[in-house]
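Engineer: My questions will all concern the structure given below.
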Amino acid sequence: MALIEARRAAPQAAAEATPPTLDTLVAQLGSPVASERRAAVRALDAHEDGIPALCDRVAAEVAPSVCEAIMAALVRRASAAVVAALLPLLRDGTPVQRNAALEALAVMPEHVAPHVAALLRDPDSDVRIFTANLLSVLPHPKAAAWLVEALADPHANVCAAAVDGLAEIGDARALPVLAALPARFPDDSFIAFAVQLASQRIGQ
Amino acid sequence: MSVTAPLIDPRLPVARADDAREPISPQDYAKFCDFFYRKTGIMFGANKAYFAERRLQDRIAATGHAGFRDYFTMLRFEIGGTEMQQLVNAMTINETYFYREDYQFDALVRHVLPGIAAERAPGTPIRIWSLPCSTGEEPYSIAMQILEHWSQADRYDIEILASDIDSRALADARAGVYGERALHRLPPALKQRYFTPYGDGYRICDALRGSIDFTQVNVADAATMRRYRDIDVIFCRNMLIYFDEVSRRQAVETLYDSLRPGGVICLGHSESMSRMSSLFAPCRFGTTILYQRPVDHD
């Protein structure tokens, strides 16, 4: 028969050499071989003191499989330090890094909250747009109120991102602010359309 | 991206005239559908709206909320996602039987295994992992499909691993005794060839029972999962959908490590790896999409 007989026992772990030290794993993060860096990330994820090294690495890492492993580790160990390591990616990261950071930040609401006000005032409009995107999916009681604040932004695309978010999570308190928005961007038909849709969704 | 609706139990109670449930407005229902789709990838078509709404109302009542808005606020803001998990459970029906979603088994023997064989010398092992395997219908179906429909099967050592976290399910799987309902999709010839009457049901033949390596596994236990390496094909259907975001990320990382480069993972019909991770490349195998660990990812 082509099917081989079952062993009737769980596969045994290969005999392992002495576990690598933290220093060894950190050094391995600089390997030119992505698979070695990923292995180091997975080992650091399991290491009690491994997260700071991953925070240090996250901005420099570009290999997708390594980035994913770092993000999975950081999400599992959410902390203020992890959020501090991820936020710069909204401004300086590659699109892959930025999107991964947004997904990761979205599951760390209590650690993201102290940064929201500053993010909404960031001089870079892209960062403010990403912040609005983040708030739309952030499970935090103030998320809708922050999006209403974002409607005061001078940049139409920031406002549009906030309107999109409010369409899903906004409540009646957003309606008057939404209603006033199209007048600020009279030449922007999308804003008028998005506001109308959001208001209907919130409506009743 | 195409996402199909989940199975919805058609045995749900029909609304009565005196039903006191709070109706959900079309706007709120649309809002809920957007949210649920974003969270799970499950989209409810118009034909499922009644059942989805009933399940939603059930959860609103079960959690003691006054109406949709209160419930939806709680759902969005809860930390840990416990109620979200309850809701997913309520919205999906997990039923296992032989040859369930058999188009993936068809893809296995028509496309995946021939592809592996084209690059691997005869006599070498091919490893297939069913996770979670529940009471065994899936791994036994895989075994039957290979024996019946892959002409090169005799040239390779095919190892079928099957794992679950539930020790009782595993015991049932090893026993291999099933009722008529579990066999309802099996062609009569297969039933006759691989099963014998046993009490009120049927028992799978010893040869097949002896060919599946059933083991208990907790996907969240990285140390245990490290034992599973160089897998060519993982059937991981309707498991990840039940995990919260953090657990799902961990599980996907672990499954990636278990697969051989170039290996593929089969998900349930309402699941999409693209929504969970960019580690895998969606690939068409015949009429189905499987997710491949790239040979050279980086």
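Engineer: By the scheme Lys and Arg +1, Asp and Glu -1, what is the net charge of all other residues having a beta-carbon under 15 Å from that of B:Phe72?
Structural biologist: Taking every other residue near B:Phe72 into account, the sum is -2.
Engineer: What is the angle, in °, between the Cα long axis of helix B:82-91 and the longest principal axis of the Cα atoms in chain B? Nearest 10 is fine, range 0 to 90.
Structural biologist: 80 degrees
Engineer: To the nearest 20 debye, what is the magnitude of the charge dipole of region B:163-298 about its Cα centre, counting +1 on the Cβ of each Lys and Arg and -1 on the Cβ of each Asp and Glu?
Structural biologist: Here region B:163-298 has a charge dipole of around 400 debye.
Engineer: At 222 nm, what value in deg cm²/dmol follows for chain B if DSSP H runs of at least 4 each add -39500 (n - 2.57) and the sum is divided by all its residues, to the nearest 500?
Structural biologist: -10500 deg cm²/dmol
Engineer: Next question, about the same structure. How long are the three semi-axes of the equivalent ellipsoid of chain B, in whole Å, if each is the root of 5 times an eigenvalue of the C-alpha gyration tensor, listed from largest down?
Structural biologist: Rounded to whole Å, the semi-axes are 36, 24, 17.
Engineer: Suppose every Lys and Arg Cβ carries +1 and every Asp and Glu Cβ carries -1, with no other charges. What dipole size does region A:13-105 come out with about its Cα centre, to the nearest 20 debye?
Structural biologist: 260 debye
Engineer: Using a Gaussian network model of chain B whose springs link C-alpha atoms within less than 10 Å, name the residue from B:Ile165, B:Ile128, B:Ile79 with the highest mean-square fluctuation.
Structural biologist: Residue with maximal mean-square fluctuation among B:Ile165, B:Ile128, B:Ile79: B:Ile79.
Engineer: Which of the GluC sites (Glu not before Pro) found in region B:91-133 are loop residues per DSSP with 13 or fewer other Cβ atoms within 10 Å of their Cβ? Working shown, then result.
Structural biologist: Working: sites: B:Glu95, B:Glu101, B:Glu119; in loops: B:Glu95, B:Glu101, B:Glu119.
Here the GluC sites (Glu not before Pro) that fit, given the DSSP loop and packing criteria, are B:Glu95, B:Glu119.
Engineer: How many Cβ atoms of partner chains, on average, are near each residue of A:39-46 if near means within 10 Å of its Cβ?
Structural biologist: Other-chain Cβ atoms within 10 Å of each residue's Cβ, averaged: 2.
Engineer: Whenever you get a sec, line up B:Tyr37, B:Tyr178 from highest to lowest accessible area (probe 1.4 Å, protein heavy atoms).
Structural biologist: Most to least solvent-accessible, the answer reads B:Tyr37, B:Tyr178.
Engineer: Once you list every other residue whose beta carbon is under 11 Å from the beta carbon of A:Val127, what net charge do they have if Lys and Arg are +1 and Asp and Glu are -1?
Structural biologist: Taking every other residue near A:Val127 into account, the sum is 0.
Engineer: Excluding ligands, DNA and RNA, what is the solvent-accessible area per residue of region A:115-204 at a probe of 1.4 Å, expressed in Å²?
Structural biologist: With all protein chains present, region A:115-204 gives 45 Å² per residue.
Engineer: In a shell of Cβ-Cβ distance under 12 Å around A:Ala172, excluding A:Ala172 itself, what net charge do Lys and Arg (+1) and Asp and Glu (-1) give? Intermediate values should be presented prior to the final figure.
Structural biologist: Working: positive: A:Arg173, A:Arg201, B:Arg69; negative: A:Asp171.
For residues surrounding A:Ala172, the net value is +2.
Engineer: Let me ask something else about it. Per-residue accessible area for A:His155 at 1.4 Å probe radius, Å² rounded to 10?
Structural biologist: Number for this one is 60 Å².
Engineer: Which one of B:Tyr156, B:Pro197, B:Ser25 has its Cα pushed farthest toward the positive end of the charge dipole of chain B, where Lys and Arg give +1 and Asp and Glu give -1 at the Cβ?
Structural biologist: Highest projection toward the positive end goes to B:Ser25.
Engineer: At 1.4 Å probe radius, can you tell me the per residue accessible area of region B:168-298 in Å²?
Structural biologist: 43 Å²
Engineer: Follow-up. Would you calculate the separation in nanometres between label points at A:Ala59 and B:Asp34, each defined as 7 Å from the Cα along the Cα-to-beta-carbon direction?
Structural biologist: Computed distance between label sites A:Ala59 and B:Asp34 equals 3.4 nm.
Engineer: Determine the total buried accessible area between chain B and chain A, counting protein heavy atoms only with a 1.4 Å probe; round to the nearest 100 Å². Write out the running numbers ahead of the final one.
Structural biologist: Values: alone 14990 and 11560 Å², together 22520 Å².
Its buried surface, counting both partners, is about 4000 Å².
Engineer: While we're here: From zero up to wherever the largest Cα-Cα distance of region B:136-230 sits, split into 5 Å bins and tell me the percent of pairs in each.
Structural biologist: Pairs per bin, as whole percents: 2, 11, 22, 21, 18, 12, 8, 3, 0.
Engineer: At 10 °C and 1.306 mPa s, what whole-number value in µm²/s does Stokes-Einstein give for the translational diffusion of region B:173-298, with Rh from the Kirkwood sum over Cα pairs?
Structural biologist: The diffusion coefficient I find is 95 µm²/s.
Engineer: Further question on the same structure: Buried by at least 40 Å² relative to the chain on its own: which residues of region A:167-204 qualify, computing accessible area with a 1.4 Å probe on protein heavy atoms?
Structural biologist: Checking the loss per residue gives A:Glu168, A:Arg201, A:Gln204.
Engineer: Taking the Cα atoms of region A:13-105, report the difference between the largest and smallest coordinate on each principal axis, in whole Å and largest first.
Structural biologist: 43, 26, 22
Engineer: Here's a follow-up. On average, how many beta carbons from a partner chain sit within 10 Å of the beta carbon of a residue in B:147-159?
Structural biologist: Average neighbour count from other chains, rounded to a whole number: 2.
Engineer: Let me ask something else about it. Using helices alone, what [θ] at 222 nm do you get for chain A, with -39,500 (n - 2.57) per DSSP H run of 4 or more residues, divided over all residues and rounded to the nearest 500?
Structural biologist: The helix-only estimate for chain A comes to -18500 deg cm²/dmol at 222 nm.
Engineer: Suppose every Lys and Arg Cβ carries +1 and every Asp and Glu Cβ carries -1, with no other charges. What dipole size does chain B come out with about its Cα centre, to the nearest 20 debye?
Structural biologist: 280 debye
Engineer: How well do other chains shield peptide B:211-220, expressed as the mean number of their Cβ atoms within 10 Å of each residue Cβ?
Structural biologist: Numbers: counts 6, 3, 8, 3, 6, 1, 2, 0, 0, 0.
Per residue, the average neighbour count from other chains is 3.
Engineer: What lysines could a cross-link reach from B:Lys48, if we take a straight Cα to Cα line under 28 Å and drop same-chain neighbours fewer than 8 places away?
Structural biologist: B:Lys31, B:Lys39
Engineer: In Å, what Kirkwood hydrodynamic radius results for region A:115-204 from the alpha-carbon pair distances?
Structural biologist: Here the Kirkwood hydrodynamic radius works out to 12.6 Å.
Engineer: For region B:237-272 and region B:90-157, write down the distance between their C-alpha centroids in whole Å.
Structural biologist: 17 Å
Engineer: Could I ask something else about it? Quick one: ranking A:Val148, A:Val33 by accessible area, 1.4 Å probe, largest first, what do you get?
Structural biologist: So the residues, ranked largest to smallest area, are A:Val33, A:Val148.
Engineer: With the full set of protein chains in place, find how many percent of the accessible area of the protein assembly as shown is carbon and sulfur; take the probe as 1.4 Å.
Structural biologist: The C+S portion of the solvent-accessible surface of the protein assembly as shown is 54 percent.
Engineer: Another one. Based on DSSP loop calls and a cut-off of at most 11 other Cβ atoms within 10 Å, the longest stretch of chain A free of exposed GluC sites (Glu not before Pro) is what?
Structural biologist: Looking at chain A, A:49-204 is the longest stretch - no exposed GluC sites (Glu not before Pro) with at most 11 other Cβ atoms within 10 Å.
Engineer: Additional query: Counting just the Cα atoms, what span does the protein assembly as shown cover along each of its three principal axes? Round to the nearest Å and put the largest first.
Structural biologist: Rounded to whole Å, the extents work out to 75, 69, 37 Å.
The values are calculated or read from the model by the stated rules, or taken from the named source; none is laboratory data. Being a predicted model, the structure only gives us computed values, none of them experimental. Cβ: placed from backbone, ideal geometry, glycine included. Neighbour counts: every protein chain shown. Note: areas computed on protein heavy atoms with side chains; ligands, DNA, RNA excluded. Shrake-Rupley method; radii C 1.70, N 1.55, O 1.52, S 1.80 Å.
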